[in-house]
Structures are given as C-alpha cells and as structure tokens.
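Please treat every number below as a calculation from the coordinates, not as lab data. Bear in mind the structure is a predicted one, so any value in this text is a computation, not a measurement. Cβ sites come from the backbone with ideal geometry, for glycine too, and all protein chains shown count toward neighbours.
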Amino acid sequence: MRISASEWTKYITKLSKLSSTAGDMMQKWVDDNGFDDVDALIEYAYALTTRYGEASATLSCEMYDAIAEMQGASVASAEPVEMPSYGDIAKAINGVRKQSPSGQLYGTAVARQVKQAGADTTLKNAIRDGAQFAWIPSGDTCPFCIALASRGWQYASKKALRKGHAEHIHSHCDCQYAIRFDNKMQVDGYNPDEYLQMYESADGLKPNDKINAMRRMHYAQNRDVINEQHREAYAIRNEEN
Ligand SMILES: [Zn+2]
C-alpha cells in the first residue's frame with residue numbers, strides 16, 4: 001500500500017499554497033499600511049491565521065481520514081486543532097517586531113502559523129490514535145529537515161510535541177508529516193535510510209554539530225544561487241526605498 005508521489009505532491013502543494021497565500025497577504029498589508037499600528041497588525045494577522053489555519057487543518061484532516069480509510073483503520077474522523085488565540089498571535093507579532101525592525105518577517109510569521117495548524121492537526125490525531133508518523137522532505141531540503149526525516153517512521157506520542165505543538169515548523173519549506181497505521185504503508189519516494197546516511201556521514205558527534213556541518217555543505221553547494229537571491233532581494237529593497 002502506498003501514497004503515490006503525485007498524490008503526496010498534490011497534498012503538500014495545497015498546504016503550501018495556503019500558508020504562502022496568508023504570508024503574502026500579510027506582507028502586502030504591511031507594505032501598504034506600515035507596521036506602526038500594532039493593534040491593527042495583530043488583528044489582521046489573527047484574521048489570516050484563523051482563516052487559512054483552519055483551511056490547513058481541514059486539509060490535514062482530509063488526508064488523515066483518507067489514509068485511515070485506505071488502511072482500513074477503525075478510528076474516528078480526524079479533528080482539527082484549535083486555532084491560535086488572539087493572545088498567541090499578539091505574542092508572535094510582538095516577537096517579530098523585536099526580531100525584524102525592518103518589517104520583512106511578518107508574512108513569514110503568519111505563514112508559519114498556518115503551517116503549524118496543519119502539522120499540529122496531523123500529529124495530534126496520530127497521538128490520539130497511536131499511529132506512526134514520519135517527516136517527509138520535499139525539494140531542496142534544509143539540513144534540519146534531513147535530520148528529522150532520517151528518523152524514519154515513529155510511533156506518535158506526546159514526546160513529539162513541544163509546548164503542545166509540533167516542533168521545527170518553519171516556513172519556506174514544503175516538508176510535512178505523513179502518518180500510517182501499520183508498516184504496510186509507504187509514501188512513494190520517501191526513503192529514510194537515504195536521509196540517515198546523509199545525516200550519519202555529516203561531520204560531528206552531536207546532532208547540532210551534524211546539522212551545522214550539513215548547513216555548511218548545503219551552503220557551499222548553493223552558494224551561487226544564494227548569493228544571487230541575496231543580490232535580488234537587495235536590489236528590490238533599494239528600488240523600493
Ligand atoms: Zn523542510
């Protein structure tokens with residue numbers, strides 16, 4: 001039994017669209033309105049995360065239920081997680097204000113909240129039902145995601161959560177949790193051994209050292225692309241000023 005690569009891609013593309021749309025809308029709002037009116041900023045971020053976060057959670061439930069049905073697992077329908085409260089969003093936005101005085105990261109913060117709602121939904125239902133989960137990388141995967149992916153399929157337990165949330169959710173990355181109810185199911189193209197090999201062969205003994213070694217390698221391989229992206233971003237900023 002398997003989820004085909006095209007089915008998986010369809011799923012993560014939809015999820016990614018939701019978080020990037022919310023992020024783009026947020027950033028556009030900041031570009032149009034500035035970010036001095038903090039209450040208005042929080043209010044808009046809250047509206048976006050609620051609307052797009054719910055869509056992301058719903059989509060994750062649909063995937064969860066589809067896998068349960070495919071595997072004949074007798075579990076209740078997946079439940080979407082609660083959306084972040086106004087207070088949660090206020091905290092996130094205030095964090096961004098400190099971190100990025102230039103106002104470039106509000107969109108990223110909103111996109112991340114939307115992605116979190118989907119990932120939390122998948123993981124919390126997996127914990128409820130004692131299902132297995134794996135982190136399925138996508139595209140030009142960042143070292144952190146490789147480290148997570150190298151762990152392979154694991155039984156979901158509360159240990160997978162940190163402060164009640166799925167860990168390591170960052171924006172600009174289409175990696176996602178997959179779940180399954182027994183060993184018979186695979187996601188096409190996901191080969192944890194391959195990631196384990198990449199992880200094991202990275203320099204260092206501690207996980208953080210290995211991840212940093214992979215980061216350096218990743219940067220060296222993509223230096224030209226990254227420099228080009230930085231040049232473009234710089235040019236766009238200068239044009240706007
Ligand atoms: Zn990733």
Seminar exercise, completed: Karplus ³J(HN,Hα) for region 24-39 (6.51 cos²θ - 1.76 cosθ + 1.60, θ = phi - 60°; Hz, whole; x = Gly/Pro) runs 5, 5, 4, 5, 5, 4, 5, 4, 6, 10, x, 9, 7, 7, 5, 4
Exercise. Number of Lys-Lys pairs in the chain under 13 Å by Cα, sequence gap 8 or more or different chains?
Worked result: 5
Problem set entry | Mean Cβ count within 10 Å, highest first, over the residues of peptides 201-209, 133-141 | 133-141, 201-209
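Just how large is the dipole of the chain about the Cα centre, in debye to the nearest 20, putting +1 at every Lys and Arg Cβ and -1 at every Asp and Glu Cβ? Working shown, then result.
Details: 27 positive and 32 negative charges, 152 e Å.
Dipole about the Cα centre, nearest 20: 740 debye.
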For this session: List the residues whose amide H sits under 5 Å from the amide H of residue 161, counting only those 5 or more places along or on another chain, with H placed 1.01 Å from N in the peptide plane.
Result: none
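Looking at region 53-91, which GluC sites (Glu not before Pro) are in a loop (DSSP not H, G, I, E or B) and have at most 14 other Cβ atoms within 10 Å? Please report the intermediate quantities before stating the final value.
Details: sites: 54, 62, 69, 82; in loops: 82.
Here the GluC sites (Glu not before Pro) that fit, given the DSSP loop and packing criteria, are 82.
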Exercise. Sequence-distant or interchain residues sharing an amide H contact under 5 Å with residue 177, placed H: which?
Worked result: 136
Exercise. With a 10 Å Cβ neighbour count serving as the proxy for reagent exposure, in which order, fewest first, do 219, 64 appear?
Worked result: 219, 64
Exercise. Does region 1-80 come out rounded, prolate or oblate, given a ≥ b ≥ c as the square roots of the eigenvalues of its C-alpha gyration tensor, rounded meaning a/c under 1.5 and, failing that, prolate meaning a/b above b/c?
Worked result: oblate
For this session: Calculate, in nm to one decimal, what residue 151 and residue 163 gain on full extension: separation in residues at 0.36 nm each, minus their alpha carbon distance.
Result: 2.2 nm
For this session: Once you have a ≥ b ≥ c as the square roots of the Cα gyration tensor eigenvalues for the chain, tell me rounded if a/c is under 1.5, and otherwise prolate or oblate according to whether a/b is larger than b/c.
Result: oblate
Exercise. Roughly how many Å is it from the Cα centre of region 160-179 to that of region 66-137, as a whole number?
Worked result: 7 Å
Exercise. How far, in degrees from 0 to 90, does helix 192-201 lean away from the longest principal axis of the Cα atoms of the chain, to the nearest 10?
Worked result: 60 degrees
